[in-house]
């Protein structure tokens, strides 16, 4: 304890000395940074052969040893799905929610967003009347039956999944344009979806994808007549030549190379 007391004056003296030194520096000297080393930056201990995968594979005692059999991999993937409740196997219809559950969720999502204080990109508050006049009529939760007639489709492009059927950007703070409160995520090209509900204007579907649920523009979804037709197409690992009905007046021709995507009249 006495030793610590003896060191305390030394510590104070060093702090004062450093403070006086900093006070004597000009603003330019305080803000100046040391020059950056010229790139590329490489660790001096790295050898050229270490950039090859073979170098690391050959360090393994038994690189060809089978880590998991196909059955073990299948079980492993099932365990991952079980650990993530947000992951949904849309082809197992017995696990999908009933109409009453969807009706409740859609209603709650509308109520949650419409009761928040949100701003548009111009900084104006989005009023309650905007929701009641422009969004509530097309959400039409009262039209969701207890027993839903499921429809099936795939995304024909990277498609936005929204909390409400609207493209209006809604911000939590003025100018916070990077975070649209309606934007959940994107689903990728050829993501399979099950369709629970449709907006009254036909421009939006309320869908369940394997990893997200929400509103997607109907023009971004190609419809399949049956679940089995969609499942068989997904097992092909991507789109093949063929036409798919995407709304009442549009048909998409999807080329086997994925692109281009041509709208036919």
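Look at residue 139 and say whether it is farther than 18 Å from residue 92 by Cβ and touching a strand residue (DSSP E or B) at 6+ places or on another chain (Cβ under 7 Å).
Values: farther than 18 Å from residue 92 by Cβ: yes; touching a strand residue (DSSP E or B) at 6+ places or on another chain (Cβ under 7 Å): no.
Judged against the criteria, residue 139 is not a match.
Could you check residue 123 against (1) assigned to a helix (DSSP H, G or I); (2) at positive phi and say which number it fails?
Failed condition: (1).
List the residue pairs whose Cβ atoms are under 7 Å apart, where the first residue sits in region 87-106 and is in contact (Cβ under 8 Å) with a residue 24 or more places away in the chain, the second is surrounded by fewer than 12 Cβ atoms within 10 Å (Cβ to Cβ) and not in a helix (DSSP H, G or I), and the two are 6 or more positions apart or on different chains.
From region 87-106, the pairs are 98/146; 99/146; 99/147; 100/146.
Taking the condition of being over 29 Å from residue 228 (Cα atoms), in a helix (DSSP H, G or I) and either in contact with a helix residue (DSSP H, G or I) (Cβ under 7 Å, 6 or more places away or on another chain) or at pLDDT 95 or above (or both), how many residues in region 126-173 meet it?
11
Based on what the data block shows, is residue 176 part of a loop (DSSP other than H, G, I, E, B), over 23 Å from the mean Cα position of the chain (by Cα), modelled with pLDDT under 95 and farther than 20 Å from residue 88 by Cα? Explain how you work it out, then say what you get.
Numbers: part of a loop (DSSP other than H, G, I, E, B): yes; over 23 Å from the mean Cα position of the chain (by Cα): no; modelled with pLDDT under 95: yes; farther than 20 Å from residue 88 by Cα: yes.
Taking the combined requirement at face value, the residue does not satisfy it.
Does residue 77 satisfy being in a helix (DSSP H, G or I), within 23 Å of the chain's Cα centre (by Cα) and modelled with pLDDT under 95? Steps first, answer last, please.
On the way: in a helix (DSSP H, G or I): yes; within 23 Å of the chain's Cα centre (by Cα): yes; modelled with pLDDT under 95: yes.
So residue 77 fits the description; yes.
Condition (residue is farther than 30 Å from residue 193 by Cα, out of contact with any strand residue (DSSP E or B) (no Cβ under 7 Å at 6 or more places or on another chain), modelled with pLDDT under 85 and in a loop (DSSP other than H, G, I, E, B)) applied to region 46-57: is it met by at least one residue?
Initial filter on region 46-57 (farther than 30 Å from residue 193 by Cα): 46-57.
Okay, now just the ones that are also out of contact with any strand residue (DSSP E or B) (no Cβ under 7 Å at 6 or more places or on another chain), so 46-57.
Still in the list and also modelled with pLDDT under 85: 46.
Going one step further and asking which of them are in a loop (DSSP other than H, G, I, E, B), we end up with 46.
The answer is yes, given that some residue of region 46-57 is farther than 30 Å from residue 193 by Cα, out of contact with any strand residue (DSSP E or B) (no Cβ under 7 Å at 6 or more places or on another chain), modelled with pLDDT under 85 and in a loop (DSSP other than H, G, I, E, B).
Could we say that residue 106 is in contact with a strand residue (DSSP E or B) (Cβ under 7 Å, 6 or more places away or on another chain) and either on the phi > 0 side of the Ramachandran plot or at pLDDT 70 or above (or both) here?
Working: in contact with a strand residue (DSSP E or B) (Cβ under 7 Å, 6 or more places away or on another chain): yes; either on the phi > 0 side of the Ramachandran plot or at pLDDT 70 or above (or both): yes.
Answer is yes for this residue.
Taking the options 147, 181, 208, name whichever one is touching a residue at least 60 places away in the same chain (Cβ under 8 Å) and more than 25 Å from residue 133 (Cα to Cα).
Details: 147 fails: touching a residue at least 60 places away in the same chain (Cβ under 8 Å); 181 fails: more than 25 Å from residue 133 (Cα to Cα).
Unique residue meeting the criteria: 208.
Can you find a residue in region 88-107 that is loosely packed, with under 10 Cβ neighbours inside 10 Å and in a helix (DSSP H, G or I)? Let's see the steps before the verdict.
Filtering region 88-107 down to residues loosely packed, with under 10 Cβ neighbours inside 10 Å leaves 92, 94-95.
From what is left, the residues that are in a helix (DSSP H, G or I) are 94-95.
For region 88-107, residues loosely packed, with under 10 Cβ neighbours inside 10 Å and in a helix (DSSP H, G or I): present.
Which condition from (1) touching a strand residue (DSSP E or B) at 6+ places or on another chain (Cβ under 6 Å); (2) crowded, with 19+ Cβ neighbours inside 10 Å; (3) closer than 22 Å to residue 127 by Cβ is the one that residue 180 breaks?
Against the list (1) touching a strand residue (DSSP E or B) at 6+ places or on another chain (Cβ under 6 Å); (2) crowded, with 19+ Cβ neighbours inside 10 Å; (3) closer than 22 Å to residue 127 by Cβ, residue 180 comes up short only on (1).
Which condition number in (1) farther than 30 Å from residue 173 by Cβ; (2) within 26 Å of the chain's Cα centre (by Cα); (3) loosely packed, with under 11 Cβ neighbours inside 10 Å is the one that residue 67 fails?
It fails just one condition, (2).
Residues in region 217-228: is at least one more than 21 Å from the chain's Cα centre (by Cα), over 25 Å from residue 104 (Cβ atoms) and surrounded by 14 or more Cβ atoms within 10 Å (Cβ to Cβ)? Give the steps one after another, and end with the answer.
First, pick out the residues of region 217-228 that are more than 21 Å from the chain's Cα centre (by Cα): 223-228.
Right, trim to over 25 Å from residue 104 (Cβ atoms) and you get 223-226, 228.
Those left that are additionally surrounded by 14 or more Cβ atoms within 10 Å (Cβ to Cβ): 223-224.
Yes, the conditions are met somewhere in region 217-228.
The values are calculated or read from the model by the stated rules, or taken from the named source; none is laboratory data. For clarity, every value in this text was computed on a predicted model and none was experimentally measured. When we count neighbours, we look across all protein chains shown, and the Cβ atoms used for this are built from the backbone with ideal geometry, even at glycine.
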